[in-house]
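Colleague: Please read through the structure below; I'll follow up with questions.
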Amino acid sequence: MPIAPRDRLIVALDVASVETAQALVTQLGDAVSFYKIGYQLAFSADGLHYARTLADSGKQVFLDLKLHDIGNTVAEGVKSASRLGATFLTVHAYPQTMKAAVQARERNLQILAVTVLTSYDDRDLMAAGYGAGVRATAAERAKQALEIGVDGLICSAAEAPSLRSIVGTEMLLVTPGIRPAGAEAGDQKRVMTPAAAIAAGADYLVVGRPIVGADDPRAAAQTIVAEIARQDAKVA
Ligand code: C5P
């Protein structure tokens, strides 16, 4: 089943309070169906409870908590996240962590693995004690994620084609670093337009500042969804 263009856009609620998040969600209305909650909002007062509120209101929720701990702790955390009604939850792509998360997921929760953080380069991996560089490590972890039965990977759109060749259509690719033509890149180094990211094989696009910081967030979201729809129509 192809995913509807509107449901392929995930808006990152990178704001400091539930009140600010709710004001944005109200403003975006039916233009957006999927929201990402990361550390900033999750660890604010009532931030995690807000994930439940959003899910109960019919929105899909992506908890970007990048879990990594001993298997039992990951498993119990994943069970709690399942009960919040989240659709996606991120973990770091270590085999033990991925196995624990996949075995513990309940309800409709899907596990997404972060192969190598995009802020890491080869030197950072070496400093952390790894013998391989970013490309080889990301490829190895993608293979492990596939074998373990992880539902999807977080990756930059630039990595999507090579990861797709490893994981086939079995796994979802979820890509941040999206900038509509003309938008500020901010601290993102490798950005792609929504259409280019979809063409590169992304299933879902995560967009923060180009929507959250727009003068008219609803119009910004609608423009991105329209761009996704045009790209989908080309392929169909
Ligand atoms: O504002 P912007 O569109 O750059 O936000 C992208 C979102 O995706 C942020 O919430 C950021 O934390 C997240 N993200 C990212 N790069 C990754 C993983 C997550 O930008 N590799």
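Colleague: For Gln27 and Arg107, calculate 0.36 nm times their separation in residues minus their Cα-Cα distance, and state this gained length in nm to one decimal.
Modeller: 25.9 nm
Colleague: Rounded, prolate or oblate: which fits segment 139-199 when a ≥ b ≥ c are the square roots of the eigenvalues of the alpha-carbon gyration tensor, with rounded for a/c under 1.5 and prolate only if a/b beats b/c?
Modeller: prolate
Colleague: Given a 1.4 angstrom probe, what's the average accessible area per residue across segment 138-193, in square angstrom?
Modeller: The answer is 48 Å² per residue.
Colleague: In deg cm²/dmol and to the nearest 500, what is the mean residue ellipticity at 222 nm of the chain if only DSSP H runs of at least 4 residues count, each as -39500 (n - 2.57), divided by the residue total?
Modeller: -13000 deg cm²/dmol
Colleague: Does segment 74-206 classify as rounded, prolate or oblate by the C-alpha gyration tensor (a ≥ b ≥ c root eigenvalues; a/c under 1.5 gives rounded; else a/b over b/c gives prolate, otherwise oblate)?
Modeller: oblate
Colleague: Over the chain, what relative contact order in percent results from Cα pairs under 8 Å that are six or more residues apart?
Modeller: Value for the chain: 19 percent.
Colleague: Each label point is 7 Å from the Cα along the Cα-to-Cβ direction; what then is the distance between the points at His49 and Val235, in nm?
Modeller: Simple spin-label model gives 4.0 nm for this pair.
Colleague: Next up: With labels modelled as points extended 7 Å from the Cα through the Cβ direction, what inter-label distance (nm, one decimal) is found for Ala42 paired with Ala16?
Modeller: 2.1 nm
Colleague: Compute the distance in nm between two label points, each set 7 Å from the Cα along the Cα-to-Cβ direction, one at Glu184 and one at Arg135.
Modeller: 3.3 nm
Colleague: Suppose we keep just the alpha-carbon trace of segment 1-122; what are its Rg and Dmax in angstrom?
Modeller: Spelled out, the Cα radius of gyration and Dmax of segment 1-122 are 14.6, 43 Å.
Colleague: How big is the chain in terms of Cα radius of gyration and Dmax, in angstroms?
Modeller: 17.1, 48
Colleague: Could I ask something else about it? If you average the alpha carbon positions of segment 1-71 and of segment 80-130, how far apart do those two centres end up, in angstrom?
Modeller: Cα centroid to Cα centroid, the span is 18 Å.
Colleague: If a helix is a whole DSSP H run, which ones in the chain reach 20 Å or further along their own axis (Cα) and hold a mean Kyte-Doolittle hydropathy of at least -1.0?
Modeller: Taking the DSSP H segments of the chain (at least 20 Å long, mean hydropathy at least -1.0), we get 134-148, 217-235.
Colleague: What number comes out for accessible area per residue over segment 45-121 if the probe is 1.4 Å? Units Å², please.
Modeller: About 45 Å² of surface per residue is accessible.
Colleague: When the accessible area of the chain is split by element with a 1.4 Å probe, what percent falls to carbon and sulfur?
Modeller: 52 percent
Colleague: Considering lysine pairs in the chain that are 8 or more places apart or on different chains, how many have Cα atoms under 17 Å apart?
Modeller: So the count of such lysine pairs works out to 6.
The values are calculated or read from the model by the stated rules, or taken from the named source; none is laboratory data. Here the structure is a predicted model, which is why all the values come from computation and not from measurement. Every residue, glycine as well, gets a Cβ built from its backbone with ideal geometry; the counts of neighbours run over all protein chains shown. What goes into the accessible areas is simple: the full protein's heavy atoms, side chains included, and nothing from ligands, DNA or RNA. Shrake-Rupley method; radii C 1.70, N 1.55, O 1.52, S 1.80 Å.
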